[in-house]
Amino acid sequence: MKTAEYHGFQFVGGYQFWSNPALEDTEAAIPIVLMRPTLLDLITLSIKFGSDELIKQNEILFQSNEMDERLYKRNLRRLLNIKRGIDHG
């Protein structure tokens, strides 16, 4: 289980079940998390790799038809809110 603090709030949750734990906390985790995101995972990866990188990966997954439009838009909305919080935090 992972914990992260963001603007004074502590989030508890975790990455998805990993078939290869060596990928956890690497850039390879980004597409895995984007396919089944939790808010904590998005915040943690945005802090580590930058919101712009996650937004770019979200777009790639959508354009390659690996992600449906509903998930794409939900991820994008969350990532833009996180980016706004990080940039203005």
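Would you work out the relative contact order for segment 30-89, in percent, from Cα pairs under 8 angstrom that are 6 or more residues apart? Could you put the intermediate results ahead of the total?
On the way: 41 pairs, mean separation 23.1, N = 60.
Once normalised by length, the contact order is 38 percent.
Can you list the residues of segment 34-63 with backbone N under 11 Å from a point 7 Å past the Cα of Arg74, pointing along Cα to Cβ?
35-39
Compute the whole-percent fraction of alpha carbon pairs in segment 30-89 spaced more than 13 Å apart.
That tail contains 53 percent of the Cα-Cα pairs.
How large is ³J(HN,Hα) for each residue in segment 73-82, as worked out from phi by the Karplus curve 6.51 cos²θ - 1.76 cosθ + 1.60 (θ = phi - 60°), to whole Hz, x for Gly and Pro?
Along segment 73-82, the couplings run 5, 5, 4, 4, 4, 5, 5, 5, 5, 5 Hz.
Segment 22-89: which GluC sites (Glu not before Pro) are DSSP loop and have at most 15 other beta-carbon atoms within 10 angstrom?
The qualifying sites are Glu24, Glu27, Glu66.
Quick note: the coordinates plus some simple rules give every number you see, no bench work behind them. Keep in mind that this is a model prediction, so the values were computed, not measured. Cβ sites come from the backbone with ideal geometry, for glycine too, and all protein chains shown count toward neighbours.
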